[in-house]
Amino acid sequence: MMKALTLGGATVDIIASVSDDEIERMTMHNAITNFLLLEEGKKVDAENIETHTGGGAINASVSMAQLGIDVSCVVKLADDIEGQMVLKRLEEKSIGRQWVLSNADLPTGCAVMVSSHVRNPTIFVARGANTLLTPDEIKPEMFKGVELTYVTGLSGASADCFPNIVKLAKAAGSLVVANPGIRQLSSRTQSFWNSLQYIDVLVMNEVEAGQLVPFVSAKSEIDAVHPCAYSDDAKLPELLKKGVGVSGTMMGLREFTQIINRLGPERLLVTNGKEGAYLGTNAQIIFCPAQKAKVMGTAGAGDSFASTFASFIGLGKGEELALKAASINSASVVSVMDTQSGLLTQDQLVAGIEKADWQRYQSYCL
């Protein structure tokens, strides 16, 4: 049985479902931002309020446990009701708790989600204990015998642990998979850049990849816009046509992949929401379409995709099976409101792959 370790955040998620007539959506016409509007001062009757565990490291650990992996996690909790709820969830799923730190001075992380007809919940987050992990708490013995190390987003000052985590994991011979958050990338870009040499698989969404592009451009000889490196074929996937980046600084996905690959990660995985995901290697870019699902909530979709892909790669299942399994699992997760009850087993994923439509699955040579 493969041994894995996840590191990152732990939260208790409170999910409130509000009926369509109690909440309004406003879409900006000159921007890409949408807003959900609630009446000021009104006590809103929720259709349902549920409490679940969540957070990147906990979601990934549960995902891996569902796949039959011997997984432990490194998270920081307080000695409070929420912390006890997280510990109980780990026990339920037989997830190792030997590296859980339960002595935080701030409360266990908590998130409140308001879900409505748009099924893309607004999330209020009090990160609490998740911000208090320190570099000296990351011990070499944590990584002994670990075949897969999965690092999720690290909040606040905890992000200072990232270089130590990936360096120790790599030295221990572990497959190192990193899925940093946008705040970590924006506040500690240079530190992250210096740590790429220790990462085997880098996972980010399209917005996070765009956040890195100005820095990548400044560090490389490529600074021009490369909207499409293949052809004018209108059927090309979105990111292969437009590239990644922020306003004024764009880069072709091919060029971005090549630069990241040269700095360490052999695989770059960029997710793009309901369109699908792109896997870049030193030989090709593979596009894997998202599977259709009745969306009940988008929280946890990225965690399920990345952790499933990492697990299948660690198990030696190959890139195609890893991508397709990740796509099936994330589609299952968005079909429920919480971040974990939709996670599938290996047998369920294989069955789902056999039934799914993969016509748009395509590889493109670099």
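Descriptive notes on the structure:
- Just one of the numbered conditions (1) within 24 Å of the chain's Cα centre (by Cα); (2) modelled with pLDDT under 95; (3) assigned to a helix (DSSP H, G or I) is not true of D21: (1).
- The residues in segment 66-99 that are among the basic types (K, R) and either part of a strand (DSSP E or B) or over 20 Å from S304 (Cα atoms) (or both) can be counted, and the count is 3.
- Residues of segment 103-131 satisfying the condition of being more than 17 Å from D338 (Cβ to Cβ) and open to solvent by 50 Å² or more (accessible area, probe 1.4 Å): N103, D105, L106, P107, H117, A126, R127
- Taking residues in segment 69-87 that are over 18 Å from L133 (Cβ atoms), and partners anywhere that are open to solvent by 30 Å² or more (accessible area, probe 1.4 Å), the pairs with Cβ atoms closer than 6 Å and at least 6 places apart or on different chains are D70/M1; D70/K3.
- Evaluation of E141 against (1) part of a strand (DSSP E or B); (2) more than 19 Å from the chain's Cα centre (by Cα) (one fails), failing number: (1)
- Single residue of R183, R188 found to be modelled with pLDDT under 95, surrounded by fewer than 24 Cβ atoms within 10 Å (Cβ to Cβ) and in contact with a Ser or Thr (Cβ under 8 Å, 6 or more places away or on another chain): R183
- Helices (runs of 4 or more DSSP H) enclosed by segment 270-366 - at least 3 residues per element that are out of contact with any strand residue (DSSP E or B) (no Cβ under 9 Å at 6 or more places or on another chain) and under 20 Å from N205 (Cα atoms): 301-314, 319-334
- Candidate set: segment 247-290, residues that are more than 21 Å from S332 (Cβ to Cβ) and basic (K, R); chosen: the one surrounded by the fewest Cβ atoms within 10 Å (Cβ to Cβ): R262
- Filter result for E40 (in a loop (DSSP other than H, G, I, E, B) and farther than 30 Å from C161 by Cα): yes
- Segment 3-19: number of residues that are within 19 Å of V334 (Cβ to Cβ) and buried (at least 23 other Cβ atoms within 10 Å of the Cβ): 3
- Qualifying residue in segment 146-153 (condition: open to solvent by 50 Å² or more (accessible area, probe 1.4 Å), outside any loop (DSSP other than H, G, I, E, B) and not aromatic (F, W, Y)): no
- Filter result (within 20 Å of P163 (Cβ to Cβ), open to solvent by 10 Å² or more (accessible area, probe 1.4 Å) and either at pLDDT below 95 or hydrophobic (A, V, I, L, M, F, W, C) (or both)) within segment 193-210: W193, N194, E208
- Within segment 73-113, the residues that satisfy the criterion of being hydroxyl-bearing (S, T, Y) and closer than 20 Å to S155 by Cβ are S102, T108.
The values are calculated or read from the model by the stated rules, or taken from the named source; none is laboratory data. Here the structure is a predicted model, which means the values were calculated and not measured. Backbone-built Cβ (ideal geometry, glycine too); neighbour counts: all protein chains shown. Just the protein is used for accessible areas: all its heavy atoms, side chains included, with ligands, DNA and RNA removed. Shrake-Rupley method; radii C 1.70, N 1.55, O 1.52, S 1.80 Å.
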